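First up is the structure itself, then whatever we jot down about it.
We did not get these values from a lab; they are worked out from the coordinates using the rules stated. Remember, it's a predicted structure, so these values are computed and weren't measured experimentally. Don't worry about glycine lacking a Cβ; one is built from the backbone with ideal geometry, like all the others, and counts go over all protein chains shown.
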Amino acid sequence: MTWMPRYTVYFVPPSDSAIYRLGSSLIGYDSYSGAVVPHPSDAGLPEDWPDLTKAPRPYGLHVTFVPPFRLAEGYGETDLVQAFSTFCDEPRSVATIVPEVRVIRDFVAIVPRRASGIVKQFASDCLTYFDLFRAPFTAADHVRRLTPSLNERERWNLHRWGYPYVLREFFFHMTLTGEIGSDRRDAVAARVSTLFVDKAAAAPLRVDRAVLLKQDQPGEGFRVLCEGIIRHRVGRKR
């Protein structure tokens, strides 16, 4: 099968923000530039930190709105970029979260102190809007994501959307590590949390953007193709 580029729509913090600079260095990859980023030195991270962050590295620091997909027949990249611009021009409510580091299941991630219904709705809108551009997922795509820990709804999402944590199951998280054993994941999270507070000051984060990324070749990191700032519609925040 001929390789076709993959695309995805994420929330990615601004490239000049403290949370992005720290997060990309923890993961070891900058999706804005496509460059490998050295891990923080003298930060007290585990010696096997490069291995712990291998799984999330190609995706960079992000929150998944639309999981990686190949273009459906009849659509080109220009069509996708135009649709992305149109989507971002639509006025929407915008939320601000307070980020913190926690263990999520078996990995470490940046999550909001309090979940936002506005962000969840935005993620759902994004997912359904771009669905017509998505080619059907392959059996290999499905198998790669399928794990015993998924519940029935998450399995259905995986089959339908290519990712378990969408729609009702969506939760805002920026993955920092792959799976970590239960005997050490809390200690690792505590160390990263301390580093996060020191370097990023746990400042409030405005979720007011969507970013379209592209993966040209298998194994390569996703790179930012274009980004859009959401037009803020005045309304309640939560």
Q) Using the Cβ atoms and a cut-off under 13 Å, what net charge is assigned to the surroundings of N151, where Lys and Arg are +1 and Asp and Glu are -1? A) +1
Q: Would you calculate a helix-derived [θ] at 222 nm for the chain, using -39,500 (n - 2.57) for each DSSP H run of n ≥ 4 and dividing by the full residue count, to the nearest 500?
A: -9000 deg cm²/dmol
Q) Considering only the other residues whose Cβ falls under 11 Å of the Cβ of A190, what net charge follows from Lys and Arg at +1 and Asp and Glu at -1? A) +3
Q. HN-Hα J couplings of segment 80-94 from phi, Karplus 6.51/-1.76/1.60, θ = phi - 60°, integer Hz, Gly and Pro as x?
A. 5, 4, 5, 5, 4, 4, 5, 4, 6, 6, 6, x, 9, 5, 10
**Q.** Linear extension gain, A201 paired with A115, 0.36 nm per residue minus alpha-carbon span
**A.** 29.0 nm
Q. What GluC sites (Glu not before Pro) does segment 1-94 have in DSSP loop regions with at most 13 other beta carbons within 10 Å?
A. E47, E73
Q | Sum of side-chain charges, L52 neighbourhood, beta-carbon under 13 Å (Lys, Arg +1; Asp, Glu -1) | A | 0
Q: Set Lys and Arg Cβ to +1 and Asp and Glu Cβ to -1, take the dipole of the chain about its Cα centre, and tell me which of P67, F122, A55 lies farthest positive.
A: F122
Q: Report relative contact order for the chain in percent, whole number only (criteria: Cα-Cα under 8 Å, sequence separation at least 6).
A: 34 percent
Q | Dipole in debye (nearest 20) - the chain, about Cα centre, beta carbon charges: Lys, Arg +1; Asp, Glu -1 | A | 840 debye
